[in-house]
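I have placed the structure first, in the form of structure tokens, so that the comments after it can refer back to it.
The values are calculated or read from the model by the stated rules, or taken from the named source; none is laboratory data. Keep in mind that this is a model prediction, so the values were computed, not measured. A quick note on method: Cβ atoms are made from the backbone with ideal geometry, for glycine too, and the neighbour counts reach across all protein chains shown. Accessible surface areas use protein heavy atoms only, side chains included; no ligands, DNA or RNA. Shrake-Rupley method; radii C 1.70, N 1.55, O 1.52, S 1.80 Å.
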Amino acid sequence: MGHLAVKDLYEQLGEKMDSLWVRVPQNQALMSVLKKLYTEEEAEIIVKMPYSFADVHRIAKCTGYEPARVERVIESMADKGLVIDIHANGRYYYMPSPMIIGLFEFTMMRVNDDLDFKTVSKYLHDYMMGDDLFFFSNFHSDSQVSLMRTMPHEEALSDQAYTEILDYEKASALVKEQDYCGIGVCSCRHKTHHLNKKECDHPLELCLSFSVGARYAVRHGLAREASHGEILDLLAQSVERGLVLNSDNVQRRPRFICQCCACCCTMLNGISTYGYPNTLVTSSCIAEVDDDACVGCGKCADACPINAISLAPVKGQGKKKKKPIIDEDICLGCGVCALSCKPGALKLEKRKQRVIHPETTFERVILQTLDKGTAQFQLFDDPTKITHRAMRGILGGFLRMPAVKRALLSEALQSRFLSAVKVGATAMGKGWLMKV
């Protein structure tokens, strides 16, 4: 394969990834990442395989390779986090890993191989955080669907808020309902460690995965199996450490909980460093201050991981010289500030405005691709069929119309749109995706 062909191949790989549910803007930093992580053979299979989940035989048909060759390469890629697999109907199905949650996390969760982590960390950091291009492409002000949501620390909730929020918003309830759990290395913390920018003393092994996500990670050596008790112990420690809990943005069968710190977390830095609050969906709670109980110590402002609390001067109130002001436009409702408040003047209360989270991963992916303008690739996913290519062009043009996108993402039409997609998925033999 000549130099020009290789260049074209990796550009095609970047375009393929850009067609998934996370946008991947093309630049030289991305090319450095892709050439470091994918062999030419792996890149070619990714480019030719379907955009959504497919078994080995369908991938072989699309690529023109023998099934045995496809299985060998695709399993190797799954071990490296370059593809995601799920087990359903007695077989494995594979799809290309999106940039997040996918290529970035799984690459940096690899610990038992000879990957040059220092170089890879630099390439990934340069691409995702060298400037705001990646954040702008995915989390700009018009973006409505993110892949992660913040969970409130239950210890920070007021008594009333605790009774009002739903079980899926409580980390303890979420963990107890899981049938399988895993613990792996935090990708953000691991990357920051190799860049010598890790300012905290939090351990690396803090990435919690569940159900399908945990089975994938454990099967490919990206995590280890863990008990419910061990997971709950780590969550209890996160209270003491003041870590932010960020989970899969779904109500049912979430696949992970991240325990995030301000110095390492890519998503938190998307808000605090680059100013994109849509990077994370807030919890259904928000921090509120009891002015009478507040002593103005400022520990809440120091603890806030996204600088959502400022201190305003106070006059004529005795020893109290400052009071905290909550920026409600960006407050995540994580409760880290309340955990640091010894007088108990800060608590999480239920937000007045309703926060909507997708019900399942299937719904989140469809809504996210609609939001990102790539739904056509999930609905017509075969790169080899002329009919699929034509339908992608027609549907893509239709869905890119701002009025259409706004209408389909509105509460009025969203459920009808999702119902129609589910009917189509079932008709194409992919109804099992809604149950994973």
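If E44 passes every condition in (1) surrounded by 18 or more Cβ atoms within 10 Å (Cβ to Cβ); (2) acidic (D, E); (3) over 21 Å from the mean Cα position of the chain (by Cα); (4) more than 23 Å from L115 (Cβ to Cβ) but one, which one does it miss?
So E44 meets the others, but not (4).
Whether any residue in the stretch 70-85 is free of Cβ contacts under 8 Å to residues at least 12 places away in the same chain and of a type in the set (D, E, K, R) is what I want to check.
yes
For the stretch 314-339, give me each residue that is closer than 25 Å to I271 by Cβ and open to solvent by 30 Å² or more (accessible area, probe 1.4 Å). Step through it out loud before you land on a result.
Within the stretch 314-339, the subset closer than 25 Å to I271 by Cβ is 322-339.
Passing the criteria: K322, K323, I325, I326, D327, E328, D329, I330, L339.
Considering the stretch 19-36 alone, what residues qualify as being open to solvent by 10 Å² or more (accessible area, probe 1.4 Å), assigned to a helix (DSSP H, G or I) and in contact (Cβ under 8 Å) with a residue 12 or more places away in the chain? Walk me through it before giving the result.
Filtering the stretch 19-36 for residues open to solvent by 10 Å² or more (accessible area, probe 1.4 Å) gives 19, 21, 23, 25-29, 31-32, 35-36.
This time we only want the ones that are assigned to a helix (DSSP H, G or I), so: 28-29, 31-32, 35-36.
If the condition is that a residue be open to solvent by 10 Å² or more (accessible area, probe 1.4 Å), assigned to a helix (DSSP H, G or I) and in contact (Cβ under 8 Å) with a residue 12 or more places away in the chain, then A29, M31, S32, K35, K36 are the ones that fit.
Looking at the stretch 83-100, is at least one residue part of a helix (DSSP H, G or I) and of a type outside the set (D, E)? Before the answer, list the steps.
Kept after step one, since they are part of a helix (DSSP H, G or I), are these residues of the stretch 83-100: 99-100.
Right, trim to of a type outside the set (D, E) and you get 99-100.
The answer is yes, given that some residue of the stretch 83-100 is part of a helix (DSSP H, G or I) and of a type outside the set (D, E).
Name every residue in the stretch 268-278 that is closer than 14 Å to N307 by Cβ and either among the polar types (S, T, N, Q) or in contact with a helix residue (DSSP H, G or I) (Cβ under 7 Å, 6 or more places away or on another chain) (or both), in order of residue number.
Restricting attention to the stretch 268-278, the residues satisfying the condition of being closer than 14 Å to N307 by Cβ are 268-277.
Across the stretch 268-278, the qualifying residues are N269, G270, I271, S272, T273, Y274, Y276, P277.
Can you confirm whether Q144 is in a loop (DSSP other than H, G, I, E, B), in contact with a His (Cβ under 8 Å, 6 or more places away or on another chain), surrounded by fewer than 21 Cβ atoms within 10 Å (Cβ to Cβ) and in contact (Cβ under 8 Å) with a residue 24 or more places away in the chain?
Working: in a loop (DSSP other than H, G, I, E, B): yes; in contact with a His (Cβ under 8 Å, 6 or more places away or on another chain): no; surrounded by fewer than 21 Cβ atoms within 10 Å (Cβ to Cβ): yes; in contact (Cβ under 8 Å) with a residue 24 or more places away in the chain: yes.
So Q144 does not fit the description; no.
Yes or no: E71 charged (D, E, K, R), over 25 Å from Q376 (Cβ atoms) and part of a helix (DSSP H, G or I)?
The answer is yes for E71.
I'm trying to understand the selection: among the residues of the stretch 395-422, which are under 12 Å from T374 (Cα atoms), open to solvent by 60 Å² or more (accessible area, probe 1.4 Å) and part of a helix (DSSP H, G or I)? Talk me through it step by step, then tell me what you get.
First pass over the stretch 395-422, keeping only residues under 12 Å from T374 (Cα atoms): 395-400, 405.
Cutting the leftovers down to open to solvent by 60 Å² or more (accessible area, probe 1.4 Å) gives us 398, 400.
The answer is F398, and nothing else.
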